[in-house]
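Colleague: Sharing a structure with you now.
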Amino acid sequence: MEMKKNHTEEDVYILAIESSCDETAAAVVKNGREVLSNVISSQIALHTLYGGVVPEIASRKHIEKINQVIEAALLEAGMSLKDMDAIGVTYGPGLVGALLVGVAEAKALAYGAKKPLVGVHHIEGHISANFIEHPDLLPPFLCLIVSGGHTHLVIVKDYGEFEILGRTRDDAAGEAFDKVARAVGLGYPGGPKIDKAAKEGNPNAIKFPRAKVDGNIYDFSFSGLKSAVLNHINHANMMGEEIHVPDLTASFQNAVVDVLVSHTIEAAKEHGFQKIAIAGGVASNSALREEMKKACNKAGFTFYYPSPIYCTDNAAMIGAAAYYEYINGARAGLDLNAIPNLKLGER
């Protein structure tokens, strides 16, 4: 295949690698916004057997797949490693063993090809997913990140510059979805299964709590809601009552979405933002998208959200984030390490 070697000096091509959980992913991204390839090897079918992600199995699968995924991403883009301007990689947060596979691979490629290395924060990647499909979206804006491991309400002040307004005090929204899905027998992964089941249910059938958190009105808490759902299930079982899964899942989902939307809209009004974005795996939830869209329309805000393929873990979003880090001068050394509990804004 003929390689594209005639790009201009102004163009920046990033080879991005993502392996923070159970997706092995690689992508080639041009100038932070144009995705030339986005290859994802998912382990969902494997981890479904265990009802959730098994970290050691995830790490082993990353080792098996990572070279194949990178080769496929370069081939799909019609480019070679020497055409890249930098290598971007997720180095935290995430599962430490899984992260180490991607970081080690990226360091080896950067060293062997003599390319700059850029470490990317996973949540910054999720936020940057919005840049791929929305050329008009520029900072500053407000972003709600909702995934299996994180629920953050963040002011995106500039590329790579963030202020966290609120975060979960306990379970992330996606984690609550997984636990409730398991409790009602829907299995793993919980988010898509609850979204589907809830479409047949009444979101107002059961009144579940909406937590208010002391100390910060923008913080989230979902453990109480999860406990309320489990108590409802246990009570029904003890009384011999049938559980109507569509109503239960719709009511649970409604409680989660209500809190996510209300906190975001309240924060946007309080801090004077007209642009709201969402990101992360739960950002592909149809009820969240619909309710946020309604609330933004009512308030006169512009609402941005990525396609589902860019909501779940992928390397294209890491390439977008790496581009802005790269042009801002960020470079990682060959001592770059995986940091499983990396905080947003840390270096």
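The values are calculated or read from the model by the stated rules, or taken from the named source; none is laboratory data. Bear in mind the structure is a predicted one, so any value in this text is a computation, not a measurement. Neighbour counts are summed over all protein chains in view; Cβ atoms, including those assigned to glycine, are modelled from backbone coordinates with ideal geometry.
Colleague: Looking only at segment 40-76, filter to residues that are under 18 Å from the mean Cα position of the chain (by Cα) and not in a helix (DSSP H, G or I); which one of those is modelled with the highest pLDDT?
Modeller: The extreme case among them is ILE40.
Colleague: For segment 222-239, how many residues are crowded, with 20+ Cβ neighbours inside 10 Å and under 23 Å from ILE145 (Cα atoms)?
Modeller: Summing the residues that are crowded, with 20+ Cβ neighbours inside 10 Å and under 23 Å from ILE145 (Cα atoms) in segment 222-239 gives 3.
Colleague: ASN297 - would you say it is modelled with pLDDT of 95 or more, of a type outside the set (A, V, I, L, M, F, W, C), buried (at least 17 other Cβ atoms within 10 Å of the Cβ) and assigned to a helix (DSSP H, G or I)?
Modeller: Numbers: modelled with pLDDT of 95 or more: yes; of a type outside the set (A, V, I, L, M, F, W, C): yes; buried (at least 17 other Cβ atoms within 10 Å of the Cβ): no; assigned to a helix (DSSP H, G or I): yes.
Here the answer is no, as ASN297 does not meet what is asked.
Colleague: What residue, among those in segment 174-189 that are of a type in the set (Gly, Ala, Ser) and under 14 Å from LEU288 (Cβ atoms), is surrounded by the most Cβ atoms within 10 Å (Cβ to Cβ)?
Modeller: ALA176
Colleague: Condition check: among the small types (Gly, Ala, Ser) and either touching a residue at least 60 places away in the same chain (Cβ under 8 Å) or under 16 Å from ASN254 (Cα atoms) (or both). Does GLY215 satisfy that? I'd like the intermediate steps shown before the answer.
Modeller: Details: among the small types (Gly, Ala, Ser): yes; either touching a residue at least 60 places away in the same chain (Cβ under 8 Å) or under 16 Å from ASN254 (Cα atoms) (or both): no.
No.
Colleague: Being free of Cβ contacts under 8 Å to residues at least 24 places away in the same chain and in contact with a strand residue (DSSP E or B) (Cβ under 6 Å, 6 or more places away or on another chain), is that true of even one residue in segment 288-305? Walk me through how you get there before you give the answer.
Modeller: First, pick out the residues of segment 288-305 that are free of Cβ contacts under 8 Å to residues at least 24 places away in the same chain: 289-290, 293-294, 297-298.
Pick out the ones that are also in contact with a strand residue (DSSP E or B) (Cβ under 6 Å, 6 or more places away or on another chain) and you get 293.
Looking through segment 288-305, at least one residue is free of Cβ contacts under 8 Å to residues at least 24 places away in the same chain and in contact with a strand residue (DSSP E or B) (Cβ under 6 Å, 6 or more places away or on another chain).
Colleague: Something else about it: Look at segment 327-344 and say how many of its residues are assigned to a loop (DSSP other than H, G, I, E, B), of a type in the set (Gly, Ala, Ser) and either in contact with a strand residue (DSSP E or B) (Cβ under 7 Å, 6 or more places away or on another chain) or without any contact (Cβ under 8 Å) to a residue 12 or more places away in the chain (or both).
Modeller: 3
Colleague: Do we find a residue being among the polar types (S, T, N, Q) and in a loop (DSSP other than H, G, I, E, B) anywhere in segment 193-214?
Modeller: Yes - at least one qualifying residue is present in segment 193-214.
Colleague: Looking for something surrounded by fewer than 14 Cβ atoms within 10 Å (Cβ to Cβ), free of Cβ contacts under 8 Å to residues at least 12 places away in the same chain and of a type in the set (S, T, N, Q) - is there at least one such residue anywhere in segment 191-206?
Modeller: No, segment 191-206 has no match at all.
So that you can scan it fast, the table gives a plain yes or no per residue for (1) surrounded by fewer than 18 Cβ atoms within 10 Å (Cβ to Cβ); (2) assigned by TED's automatic domain parsing to the domain that holds GLY280; (3) in a strand (DSSP E or B):
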position	(1), (2), (3)
LEU100	no, no, no
VAL103	no, no, no
ALA106	no, no, no
LEU109	no, no, no
VAL118	no, no, yes
CYS143	no, yes, yes
GLY148	no, yes, no
ILE155	no, yes, yes
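Colleague: Still on this model: Has segment 243-260 got any residue that is touching a Cys at 6+ places or on another chain (Cβ under 8 Å) and assigned to a helix (DSSP H, G or I)?
Modeller: No: zero hits.
Colleague: Can we say ALA236 is over 22 Å from the mean Cα position of the chain (by Cα), hydrophobic (A, V, I, L, M, F, W, C) and either in the same structural domain as ARG182 (by TED's automatic domain parsing) or more than 25 Å from PRO192 (Cβ to Cβ) (or both)?
Modeller: Taking the combined requirement at face value, the residue satisfies it.
Colleague: Within segment 261-294, how many residues turn out to be out of contact with any Pro (no Cβ under 9 Å at 6 or more places or on another chain) and either assigned to a helix (DSSP H, G or I) or farther than 19 Å from ILE217 by Cβ (or both)?
Modeller: 22
Colleague: Taking the conditions exactly as written (crowded, with 22+ Cβ neighbours inside 10 Å and in contact with a Lys or Arg (Cβ under 8 Å, 6 or more places away or on another chain)), does ALA283 satisfy them or not?
Modeller: So ALA283 passes the test.
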